[in-house]
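The values are calculated or read from the model by the stated rules, or taken from the named source; none is laboratory data. Nothing here was measured: the structure is a model prediction, and the numbers come from that model. FYI the Cβ positions are ideal-geometry reconstructions off the backbone, even for glycines, and counts take in every protein chain you see.
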């Protein structure tokens, strides 16, 4: 079992807490948004996670413009672009997502996010732990998580395409 960091974690610096925490909320399709509302609610509750990690409620920003949009890179995600811009402007201290690997489902977006977080000293939190993209082991875990997420999406596509083909007699 992984230890859930407390607000006294050394990565949760005063400098990071003086910036905004961004909670990124996304589900891949409108169908998921309509029929899996518990997931959406769980993602919105991540605001409480940011507050427990030491961010004042008025410094926690929810980005939810990408509800119903896939993270595979083929769909324009204005919310993700906004998140990237806020990191690049130096406004972010923390990015929170239900599962860190769900922030992006393609390696281009994923590694852009990790690189910017590393450059600007932004930590990433998911439902279980904190990651510091500047720390070698955290970046390794995040990199592997991104690769696995993209591979999972690839496998889903293969299964969908196989389901579309007529069965051979």
Self-check item: Matching helices (runs of 4 or more DSSP H) fully within the range 36-123 where at least 1 residues are modelled with pLDDT of 95 or more, surrounded by 14 or more Cβ atoms within 10 Å (Cβ to Cβ) and within 14 Å of the chain's Cα centre (by Cα)
Solution: 46-52, 78-88, 107-120
Quiz item: Of the numbered conditions (1) modelled with pLDDT of 90 or more; (2) under 14 Å from the mean Cα position of the chain (by Cα); (3) crowded, with 19+ Cβ neighbours inside 10 Å; (4) not in a loop (DSSP other than H, G, I, E, B), residue 138 satisfies every one except a single condition; which is it?
Solution: (2)
